[in-house]
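Participant: Supplied in C-alpha cells, the structure appears directly below.
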Amino acid sequence: MFHKRRQTYPLTRMDTFIREFDVALRAIAGATRAGRANPADRLTPDTAPMSAADRRHVAGLMRINHVGEVCAQALYQAQKLTARTPEVRAQMDAAAAEEEDHLAWCAERLRELGSRPSLLNPVWYAGAFAIGCLAGRAGDRISLGFVAETERQVEHHLTGHLERLPAADGRSRAILEQMRDDEIRHGDAARDAGGVPLPGPVRALMRAASKVMTTAAYRI
C-alpha cells in the first residue's frame, strides 16, 4: 500500500500573523509552556518559612523578572519579523524559545508565592515590541548589538536580584541562576554573530527605561 507524501507549503503572511499573534497573546496572558524542566524542580518544596514581608518582596522581584520575560518575547518577536537574513531570524527564534521557558518558570514561582503577574503586561509588551521593531529596522548588526546590550543589562539586573533574595528562598535562586546563564549565552551569541556596540546615550536610555519598568512592576 502506497502512502501519499504530505505536501508542505510555505507560510503565508496570514499564517505568520496568526502564529505571531498567538505568541503575543500567550506572553501577555501568561499561558506559556516551558520546553525545559523548571530548575527549581531539582529542589524540595519550600520548607524553611519565609515571613510575610519576605514573600511579598520575593513576589515583587519575580514579578519584575516575569515582566522582563514578557518584554523579551516582544523584543525577539519584533526583531525576528524585521530581520534581514534567515540566519538572524533563526537566532532570534531560538533565543525566544528559551526566554519563553523563563516566562513560564517565573509565572510558576509567582503562583507558588500566592502572587500574580504585572497588571500592566499589555503595556510592557506593546512598548517592547515597538522598540524591537526600531532595532530590527536599523539593520541586523545593530539589532544583534541591541540584543547583546539588553542581555548584558539583564545579567546585571539578575545578579542584583540574586543578592536581594532571602537566604531561605532556594527555589527562586535556582530559577534566576539558570536565567542568568541563558542571558549570558544569548548575549555572547549576538556579539559573535556580528552585533555592534551601541552608542553610550542609547545604552543610558535603555537603563532608564528599565528603571521605570522595574519600579512599577514590583508593585503593579
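Laboratory data are not the source of any read-out in this text; all were calculated from the coordinates shown. Computed from a predicted model, the values in this text were never measured in an experiment. Please note: Cβ atoms are built from the backbone with ideal geometry, for glycine as well, and neighbour counts cover all protein chains shown.
Participant: Determine, yes or no, whether Ser143 is closer than 16 Å to Ile64 by Cβ, in a helix (DSSP H, G or I) and of a type in the set (Ser, Thr, Tyr).
Facilitator: Values: closer than 16 Å to Ile64 by Cβ: no; in a helix (DSSP H, G or I): yes; of a type in the set (Ser, Thr, Tyr): yes.
For Ser143, the condition - closer than 16 Å to Ile64 by Cβ, in a helix (DSSP H, G or I) and of a type in the set (Ser, Thr, Tyr) - is not met.
Participant: Among what's in segment 75-119 and is of a type in the set (Gly, Ala, Ser) and in contact with a His (Cβ under 8 Å, 6 or more places away or on another chain), pick the residue that is nearest to Val154 (Cα to Cα). I'd like the intermediate steps shown before the answer.
Facilitator: So in segment 75-119, the residues of a type in the set (Gly, Ala, Ser) come out as 78, 83, 90, 94-97, 104, 107, 114-115, 118.
Pick out the ones that are also in contact with a His (Cβ under 8 Å, 6 or more places away or on another chain) and you get 95, 107, 118.
Working: Ala95: 14, Ala107: 18, Ser118: 18 Å.
Ranking the candidates gives Ala95 first.
Participant: Looking only at segment 98-114, how many residues end up being over 17 Å from Val147 (Cα atoms), in contact (Cβ under 8 Å) with a residue 40 or more places away in the chain and either assigned to a helix (DSSP H, G or I) or touching a Phe, Trp or Tyr at 6+ places or on another chain (Cβ under 9 Å) (or both)?
Facilitator: Kept after step one, since they are over 17 Å from Val147 (Cα atoms), are these residues of segment 98-114: 101, 103-114.
Next, only the ones that are in contact (Cβ under 8 Å) with a residue 40 or more places away in the chain stay: 101, 103-110, 112-114.
So of that shortlist, the ones also either assigned to a helix (DSSP H, G or I) or touching a Phe, Trp or Tyr at 6+ places or on another chain (Cβ under 9 Å) (or both) come out as 101, 103-110, 112.
Adding up the residues that qualify gives 10.
Participant: Return only the number of the condition from (1) surrounded by fewer than 18 Cβ atoms within 10 Å (Cβ to Cβ); (2) closer than 30 Å to Pro49 by Cβ that Gly127 does not satisfy.
Facilitator: (2)
Participant: When Pro86 is evaluated against the numbered criteria (1) touching a helix residue (DSSP H, G or I) at 6+ places or on another chain (Cβ under 8 Å); (2) surrounded by fewer than 22 Cβ atoms within 10 Å (Cβ to Cβ), which criterion, by number, is the only one it fails?
Facilitator: Going through (1) touching a helix residue (DSSP H, G or I) at 6+ places or on another chain (Cβ under 8 Å); (2) surrounded by fewer than 22 Cβ atoms within 10 Å (Cβ to Cβ) one by one, Pro86 breaks only (1).
Participant: A further question on this structure: For segment 82-97, does any single residue satisfy the condition of being aliphatic (A, V, I, L, M), in a loop (DSSP other than H, G, I, E, B) and farther than 26 Å from Arg219 by Cα? First the steps, then the outcome.
Facilitator: Taking segment 82-97 as the starting set, the residues that turn out to be aliphatic (A, V, I, L, M) are 83, 88, 90, 92, 94-97.
Narrowing the set further to residues that are in a loop (DSSP other than H, G, I, E, B) leaves 83.
Now restrict to residues that are farther than 26 Å from Arg219 by Cα: 83.
The answer is yes; a qualifying residue exists.
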